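Here's the structure we're looking at; comments come further down.
The values are calculated or read from the model by the stated rules, or taken from the named source; none is laboratory data. A quick note: this is a predicted structure, and the numbers were derived from the prediction, not measured. Note that we place each Cβ from the backbone using ideal geometry, even for glycine, and neighbour counts take in every protein chain shown.
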C-alpha cells in the first residue's frame, strides 16, 4: 500500500485502456493543461513501433509509467528517447522509478541498444541526483527553453531549460550501479551549484530564480564547449552541486 514498500509489478502496456491510464496519470503528476497533455495516439504509436510503454502496478493500481520512442542519431546510430517517467506522489521514494528504469534498460539491452537519452530540468535536484548518481547518466548538452512556455506549476513560469541525459546502459559504470557496486570518479574540474531551496525561490522570487537559471545555463554551456561533462552530483548543506570533469 502507499506509504510503505509497495509490491510493484512492471509490465509492458499495449491495451488502449492501459495506455489511457497513462494519459490520466501524467495530468495528475504534472498538472498540465489540456493543450500540453500528451494524448493517447503517441502512446499507441510507441507501443507498436519499437518504443516502450511500461507500467508500474501495485495490485490493480497504476502507480507509474515510462514512455520511450525509437530514435536515430545523424550518423545512423539507433537509440531510445525516454520522453516521460511519472510516479504518483504517494508512491514516490519506494523504488518505483528505479524499477521502471531498470526494466527499460533490460528491454533495450535485449534489443542490442546501448543508449537511452532523456531531458530533465537542472533545477529539479532530486531528479538530477537520481539520473546521475543512481542511474549513472552523464550530461554533455544543455538546451534553453526546450519545450517553450509550460503551464505546469512545477515549472514555476520559468523557461523550460533542460539537460540532456545520456544513459550508456551497457557501460561498466552503469552496470556496476545497477548491481549496487560503487563506481570510481574522474577528477572534478568544475562545480555548478543550485540552491537547495530553489522551489521556494521560484515561488517567492521568480526574478531571482530566473537569474540563477540564466547564470547556470551559461556555465553549463561554457563547460560543455570546453569538453567537460557532468559526471557526478552531490548535496551540500545549502546546494545541489553538479560535478563536471573529463570523460575517460
### Pairs, first closer than 24 Å to residue 18 by Cα in the stretch 54-77, second at pLDDT below 95 and loosely packed, with under 11 Cβ neighbours inside 10 Å, C-beta under 7 Å, six or more apart
58/7
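Just the residues that are modelled with pLDDT under 95 and either touching a strand residue (DSSP E or B) at 6+ places or on another chain (Cβ under 9 Å) or within 16 Å of residue 169 (Cα to Cα) (or both), please, taken from the stretch 51-82. Steps first, answer last, please.
Going residue by residue through the stretch 51-82, those that are modelled with pLDDT under 95 are 58-61.
Scanning the stretch 51-82 gives 58, 59.
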### Query
Restricting the search to the stretch 40-63, which residues are under 25 Å from residue 114 (Cβ atoms) and in a strand (DSSP E or B)?
52, 53, 54, 55, 56
### Query
Would you say residue 234 is in a strand (DSSP E or B) and surrounded by fewer than 19 Cβ atoms within 10 Å (Cβ to Cβ)?
yes
### Query
Is one or more of the residues making up the stretch 205-218 within 19 Å of the chain's Cα centre (by Cα), within 22 Å of residue 131 (Cα to Cα), in a loop (DSSP other than H, G, I, E, B) and in contact (Cβ under 8 Å) with a residue 40 or more places away in the chain?
no
